[in-house]
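The values are calculated or read from the model by the stated rules, or taken from the named source; none is laboratory data. As the structure is a prediction and not an experimental result, all values here were calculated from the model. All Cβ positions, glycine included, derive from the backbone under ideal geometry; neighbour counts span all protein chains shown. SASA here: full protein model, heavy atoms, side chains in, ligands and nucleic acids out. Shrake-Rupley method; radii C 1.70, N 1.55, O 1.52, S 1.80 Å.
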Amino acid sequence: MSFLFIIIGLLMASPGLKTAAAAEEDAAASYQIVALGDSLTAGYEFGFDAKSVPYGYVEHVYEQALFQGLRAEYVNYGLLGLTSTGFSHLLGAVKDGKSATVSDVQPGLKDPRAASIIGDAAKIGSSIRGADLIVMTIGGNDLLGVAAQITSTTTDEEKAQLLQAALTQYETGLTAGLQAVTSIAPKAKLVIADQYMPIPATITVGSLSFPLPPDAARLREFELLALSQLNEKLKTIVAAIKAEGIDISITEVSKPFVGKELEYTSIANSDVHPTRLGYAAMGHTYSTTIWNKYLNVRTRPANVPVSVVVRGKELPAASPATMKSNRTFVPMRDITDAIGAKLVWNKTSQTATVSYNKHTVAFTIGSSTILVDGVKKKLNSPAAYLQKNGKEQKTYLPLAVLSEELGLQVTYRSTLQAVFIN
């Protein structure tokens, strides 16, 4: 029966550390997101290898921050196999400003990135200190440790003892870890997830449903009890921290998994991690907890390459973006209005001059040279061009060039095929 809890991913290569690209001096002007915790925070999926790129709940939270019009950056310190005890050891070292090794944090931690992440406590501390939002998952590996010890001969009394020991470890580790985080970043918003059930109540094949085998059914019943008690511990811990004036919330990711365990996890492949759909559901619950909504771009026509979202608002469908010379171009008036920039059009010279944020950029139709604050810059393609939309002729400007020269953040998310300007 323990086959349900074999985590193949812990023995595989990591999907890699996803970090924000902003320089440290820009951090104060950006909305900083820090992710801490276990493999769910890392975004691990069944079958990942060293070349896999995660698209987990953290990436969804980041995208939702962009949808809010925030100049957002994120860094992910999720570690595969991390327990609550390891969580407390890692954050304790970070709080104290001490260097740490994998053995100091959690001996036997299988994540191949563990040494490089844990070894740079100063970087983690700097990230947490500058954080506006800290998102976390932790505790699943504590329960998996209990499940791994249960055999067909384990008595109910022994199970109860194993569970209570794990819950005590969880309470001690999580409390210490969160206290360390809040001492480093007392003003940050903290959001931590509860634990979901990966084992379905029944197995469905086509239109037919079958009950779980007796051993699996008993294990599911025990896991339901364990999850219930662990999530109650979580509520108690969070309530105590909130009473100290800390902005901390629980996001109930467990709810959308009910009845969709086979769809939202890889349990059919003996792996409890979420699928891409499961991570999307987690991202949705995090977003609604943080911002009370979850946003997405409109469905695009086949001839529209990307969606463009400026300060949280998508550009009108009537004025879609186009691609030319591998650049994204947008209608001049739509983008300047969305940004809130001043636009001056010289019909004689066919030059658009855009002013915003103490910067001025001039684009001339057909020219591959632009004028930035009075200084000429050469582009590898025309800076602007005219295009007929129905009976109307519009001027199109290169989106990335315009936004970057005006000091705005330009972020392309291939997962959404969307460009965010914030």
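Considering only residues that are under 20 Å from residue 264 (Cβ atoms), free of Cβ contacts under 8 Å to residues at least 40 places away in the same chain and not charged (D, E, K, R), which ones fall in the range 218-246? 224, 228, 231 - these are the residues of the range 218-246 that are under 20 Å from residue 264 (Cβ atoms), free of Cβ contacts under 8 Å to residues at least 40 places away in the same chain and not charged (D, E, K, R). Which one of 284, 359 is over 21 Å from residue 412 (Cβ atoms) and surrounded by 16 or more Cβ atoms within 10 Å (Cβ to Cβ)? Sole residue among the options that is over 21 Å from residue 412 (Cβ atoms) and surrounded by 16 or more Cβ atoms within 10 Å (Cβ to Cβ): 284. Every condition in (1) surrounded by fewer than 17 Cβ atoms within 10 Å (Cβ to Cβ); (2) more than 30 Å from residue 276 (Cβ to Cβ); (3) in contact with a Leu (Cβ under 9 Å, 6 or more places away or on another chain) holds for residue 332 except the one numbered (1). The condition of being basic (Lys, Arg) and either in contact (Cβ under 8 Å) with a residue 60 or more places away in the chain or farther than 25 Å from residue 283 by Cα (or both) does not hold for residue 129.
Assessment of the range 196-209 against the conditions (in contact with a Pro (Cβ under 7 Å, 6 or more places away or on another chain) and open to solvent by 40 Å² or more (accessible area, probe 1.4 Å)) yields at least one matching residue. For the range 368-417, a residue qualifies if it is open to solvent by 40 Å² or more (accessible area, probe 1.4 Å) and of a type in the set (Phe, Trp, Tyr), and exactly one does: 412. When the residues of the range 287-310 are narrowed to those that are open to solvent by less than 30 Å² (accessible area, probe 1.4 Å) and not hydrophobic (A, V, I, L, M, F, W, C), which ends up nearest to the chain's Cα centre (by Cα)? Checking each candidate, the answer is 287. The requirement of being among the hydroxyl-bearing types (Ser, Thr, Tyr) and over 26 Å from residue 157 (Cβ atoms) is fulfilled somewhere in the range 205-215, by at least one residue.
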